[in-house]
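Undergrad: One structure follows; several queries about it will come next.
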Amino acid sequence: MNNQITTVELLRETEAKTIRIVEALQGTQKTKEWRTLKEEIFDGFASSLEREIKSEARSENPNPQKLNRLSGKLEWAERFSDLAKLEDYYKIQLKNLKIKLYEKE
């Protein structure tokens with residue numbers, strides 16, 4: 001029983017944290033500052049990485065490690081430069097947490 005209480009408490013803490021993250025993402029997306037950062041840094045960064053990946057893939061001897069590294073960077077840039085997608089990810093996490101939480105009650 002004690003272990004079950006700990007699990008529920010942990011799920012509630014994670015739920016509260018996830019709600020705060022979703023709210024922060026929603027608020028941040030509305031700011032002029034975020035739009036500036038997205039346009040000036042993140043959008044260009046993702047495009048630059050895509051060009052670099054294509055260039056490496058077309059080279060005579062493509063370096064698989066470099067391609068993997070660049071792909072990881074591109075995935076990161078795409079995930080964190082689109083706050084709407086990141087918000088959707090956390091909303092799914094929140095939905096799953098609520099299912100686990102309220103199944104137990």
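Undergrad: For the range 60-84, enumerate the residues that are under 17 Å from the mean Cα position of the chain (by Cα), of a type in the set (D, E, K, R) and exposed (fewer than 14 other Cβ atoms within 10 Å of the Cβ).
TA: Passing the criteria: E75, R79.
Undergrad: Which pairs turn up if I take residues in the range 59-72 that are outside any loop (DSSP other than H, G, I, E, B) and look for partners that are not β-branched (V, I, T) with beta carbon separation below 8 Å, at least 6 apart in sequence or on another chain?
TA: Within 8 Å, the pairs are K66/E56; L67/E56; L67/A57; L70/L49; L70/E52; L70/E56.
Undergrad: Any idea which of E23, E87, E103 is modelled with pLDDT under 85, in a helix (DSSP H, G or I), closer than 30 Å to V8 by Cα and acidic (D, E)?
TA: Sole residue among the options that is modelled with pLDDT under 85, in a helix (DSSP H, G or I), closer than 30 Å to V8 by Cα and acidic (D, E): E103.
The values are calculated or read from the model by the stated rules, or taken from the named source; none is laboratory data. In this text, all values refer to a predicted model and were calculated from it rather than measured experimentally. Here the Cβ is made from the backbone with ideal geometry for all residues, glycine too, and neighbour counts use every protein chain on show.
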